[in-house]
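I have placed the structure first, in the form of C-alpha cells, so that the comments after it can refer back to it.
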Amino acid sequence: MTDPNLAIVVLAAGQGTRMKSATPKLLHHLAGVPIVSHVLATARELNPAVVLAVVRHERDQVADVISAHLPAAVIVEQDHVPGTGRAVEQAVADLPPDFSGDVLVLNGDVPLLDADTLRELVERHRDSGAAATVLSSIVPDATGYGRIVRTPTGALDRIVEHQDATAAELSIDEINAGVYVFGVNALRDQLANLSTDNAQGEKYLTDVIGLLRRAGSEVAAVPVDESWKVEGINDRAQLSEAAARLNALIVRGWQLNGVTVHDPATTWIDLTVTLANDVTVLPGTQLKGATTVARDAVIGPDTTLTDCEVGEGASVRRADATLAVIGARASVGPFAYLRPGTVLDEDGKIGTFVETKNSRIGPGSKVPHLSYVGDTTIGRGVNLGAGAIAANYDDLTKHRTQIGDEVHTGAHNVFVAPVRIGDGAKTGAGAVIRKDVPAVALALSVAPQRNIEGWVEKNRPGTAAAEVARRARSAQEADDGSQRQDG
Ligand code: UD1
Ligand code: CA
C-alpha cells in the first residue's frame, strides 16, 4: 500500500571526487548493482507516494540508471548552486503542491541501509511530532562525517560538518548518517534560509536542523543499532569495505537457505544471483549477474560465472563462463572457458583447456581435452577427440560447423567451416575436414604414412642416432650370416 504522506528524496547529484574515477561515484557497483540502485530499492520498499532523485554531475548516465531501476522516479536537476541543501530545495519544489506529509531524505551513497531501519525512523518521527528526525550513528572513526552536536541535556542541537568543526566538535563520535525525515512545511521554510557561508561554500542540508531548533521547532537524532548500515561510500577503500560487508550478508543468507559455502571470505555472490537448495560453492568462486544454479550442483573452486544457468547436479570446476547454459549433470573444467552462447546439454562435458563460444553441445556429448569449439552445433552422444579445432573464421566472416549424433572424431582434427559431419560418422586422427562427411562414413584426410628404411644412417652420419642405426644393422647382418651357416 502506498503511503500518501511519504515522499522520498534520493540525493545523487554530487561529483564523487574522492573516487577519482571517470565513472560517476553512484554508478560504481556493489554486489553487481550500482550504489544508487541499492538506495532506490530500499526507497521502493517503503511504498512512498513519490521518489524524487536529484542529479547533476554526469546527469545523463546517472539518470538513465535511476530510471532503469525505478521508472516511476521523478528526476530533478540540481542547478549550479552546490550542496545537499540545494539538492533538497529543488526536489521539494517538484513535489505535488498539495503534498503535506513527510519527506525522507536519503544520501545516494549510503547503500547498506535497510528498509526496516527507515520504517522505524519514520515511525519515531511521526510519534514524536518533531519537525525533523535525523538518523545518527556512533562510529569508531568519524572522519569526514557531520557531527551530531547535543545540548548539555542530550537534546539534538545542530549538525556541524567535519570541515567546519572545532577541535572539540571533531572529538564527537556520533555522526549524521545522511538520512532524515522532515515535515514538508518546516523543511520548506528553513531551506529558504540556508546560506553558503561555510568551509565548502555549499548549501548544507544539515544546517536545516540548527535553523529549525533556533526557530523553536523540535528536532531529534535517533542512533542506528549497527553503524555499518549507514557507512557512506566516498572512496574506493570504503567501496570495498561495504562490498565485503554486503557480500558476507548475501553469503550468510544463502547458507541459511540451504547452500553450502565452504569459504565465505573468497566467495562473491551478486545480489542478482539465485541458488537452489543443496548447491555447493567451493572457495574462490564469483557468481555474477543473472546467474542461476539448480540444486545439487557443485561450483568451484576458482570459478567465475556471469549470467549463466547451471542445471541440477552439474559440476563446474576452475572455469570462467559468461552467458552460458550448463545442463543437468553436465561437467565443466577444470580449466574451461565458456564464452557467450555456449549451451552444454544434460550429461555433457566440456573438459580441460577447452574454449567454447556460440555453440550447442548436445545431450551426453563430450569435448574432453584441449579444444576450441566456436559456432558449432553438436548432436547427442558425440565425442570429439583431444585437440579438436573448429576453424570458424576464414578471415572475412564466421561459419558454422555442424556435427550430427553419435559422431566420434579422432585426435587433433580441424573442422574447416562451413562443414557438416553426418550422424554416426568417424574421422581419423589428424584429419582436416574441409568437405562434408556423410552419415556413418569414416573420413581420412591425411596422406598414408610412408617409412623410408635406413634414412637416418645415410642422412645423419656422425650422430648418436646414426651410430644406433649402424649397430642395429651390424647385429642384423651377423644374425643373417649365422642363420645362413646353420641352414
Ligand atoms: C554528508 C553530510 C554529512 C553526513 C554524510 C553521511 C551534508 C552537508 N553532509 O556529507 O553530515 O555525515 O553525508 O554520509 O549533507 N549531493 C547532491 N548534491 C550536492 C552534493 C551532494 O545531490 O550538491 C549528494 C551526493 O551525490 C551524495 C550525497 O548527496 O549522494 C552526499 O553528498 P557527499 O558530498 O558525499 O556528502 P558528505 O560529505 O559525505
Ligand atoms: Ca558521502
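Since every read-out is calculated from the coordinates, none of them should be taken as a lab result. The shown structure was predicted, so the numbers you read here are calculated from the model rather than taken from an experiment. Cβ coordinates were reconstructed from backbone atoms using ideal geometry, including for glycine residues, and neighbour counts include every protein chain displayed.
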- Query: Among 186-199, 26-39, what's the highest-first ranking by average C-beta atoms within 10 angstrom per residue?
  - Reply: 26-39, 186-199
- What net charge do the residues around residue 324 carry, taking every other residue with its C-beta under 9 Å from that of residue 324, with Lys and Arg at +1 and Asp and Glu at -1? -1
- Out of residues 5 or more away from residue 304 or on other chains, whose amide H comes under 5 Å of its own, with H placed 1.01 Å from N in the peptide plane? 286, 319, 320, 321
- For segment 236-443, what's the relative contact order in percent, using C-alpha pairs closer than 8 Å and at least 6 residues apart? 9
- Task: Kindly express, to the nearest 10 degrees and within the range 0 to 90, the angle between helix 236-256's C-alpha long axis and the longest C-alpha principal axis of the chain.
- Result: 70
- Message: I need 1, 19 ordered by Cβ neighbour count within 10 Å, fewest first.
- Response: 1, 19
- Honestly segment 1-40 on the Cα gyration tensor test (a ≥ b ≥ c root eigenvalues; a/c under 1.5 rounded, otherwise a/b vs b/c for prolate or oblate) is just oblate
- Message: Is the C-alpha gyration tensor of segment 3-230 telling us rounded, prolate or oblate? Criteria: a/c under 1.5 is rounded; beyond that, a/b larger than b/c is prolate, otherwise oblate.
- Response: rounded
- Item | Nearest 10 degrees, 0 to 90: helix 35-45 Cα axis against the chain principal axis | 60
- Dipole of the chain (Lys/Arg Cβ +1, Asp/Glu Cβ -1, origin at the Cα centre): which of 272, 75, 132 lies farthest to the positive side? 272
- Task: Would you kindly derive the ³J(HN,Hα) couplings of segment 406-411 from the backbone phi angles with the Karplus curve 6.51 cos²θ - 1.76 cosθ + 1.60 (θ = phi - 60°), listing them in order in whole Hz, with x for Gly and Pro?
- Result: 6, 8, 10, 9, x, 5
- Rounded to whole Hz and in sequence order, give me ³J(HN,Hα) for segment 47-63 from the Karplus expression 6.51 cos²θ - 1.76 cosθ + 1.60, θ = phi - 60°, writing x for Gly and Pro. 6, x, 5, 7, 10, 10, 10, 9, 10, 7, 6, 6, 3, 5, 4, 5, 5
- Task: Multiply the residue separation of residue 241 and residue 352 by 0.36 nm, subtract the distance between their alpha-carbon atoms, and state the gained length in nm to one decimal.
- Result: 36.4 nm
- Note on the structure: Residue-normalised 222 nm signal for the chain, counting each DSSP H run of n ≥ 4 as -39,500 (n - 2.57), nearest 500 deg cm²/dmol, is -7000 deg cm²/dmol
- Charge-dipole axis of segment 236-443 as Lys and Arg at +1 and Asp and Glu at -1 on Cβ define it, positive-most pick from 286, 376, 246: 376
- Item | Mean-position separation - Cα centroids, segment 73-148 and segment 319-375, in angstrom | 50
- Starting from the Cα-Cα distance between residue 227 and residue 94, subtract it from 0.36 nm times their residue separation and give me the gain in nm to one decimal. 44.7 nm
- Just rank 337, 180, 393, fewest to most, by other beta-carbon atoms within 10 angstrom. 393, 337, 180
- Task: Under a cut-off of 17 Å between alpha-carbon atoms, report the lysines in cross-link reach of residue 435, not counting same-chain residues fewer than 8 places apart.
- Result: 398, 426
- Note on the structure: Checked segment 7-120 against the a/c 1.5 cut and the a/b vs b/c comparison, axes a ≥ b ≥ c from its Cα gyration tensor; verdict oblate
- Task: Treating only the Cβ atoms of Lys and Arg (+1) and Asp and Glu (-1) as charged, compute the dipole magnitude of the chain about its Cα centre; round to the nearest 20 debye.
- Result: 1840
- Item | Peptides ranked, highest mean first, by Cβ atoms within 10 Å: ranges 365-375, 209-219, 150-160 | 365-375, 209-219, 150-160
- Query: What FRET efficiency comes out for the pair residue 79/residue 21, r = Cβ-Cβ distance, R0 = 25 Å, nearest 0.05?
  - Reply: 0.55
- Where in segment 433-472 does the amide nitrogen come within less than 16 Å of the point 7 Å from the Cα of residue 480, taken along Cα to Cβ? 453-455, 457-458, 469-472
- Message: What does the extension gain come out to for residue 265 and residue 127, with contour length at 0.36 nm per residue minus their alpha carbon separation?
- Response: 45.5 nm
- Item | residue 360 long-range amide H proximity, modeled H, under 5 Å | 343, 376, 377, 378
- Message: Based only on other Cβ atoms within 10 Å, what is the fewest-to-most ordering of 398, 203, 25?
- Response: 398, 203, 25
- Query: Highest mean first, what order results for 263-276, 117-130, 319-332, 466-479 on Cβ atoms within 10 Å?
  - Reply: 319-332, 263-276, 117-130, 466-479
- Message: I'd like the orientation of helix 464-486 relative to the chain: the angle between its Cα long axis and the longest Cα principal axis, in ° from 0 to 90, rounded to 10.
- Response: 30
- Which whole-number percentage describes the relative contact order of the chain, with Cα contacts under 8 Å and a sequence gap of 6 or more? 8
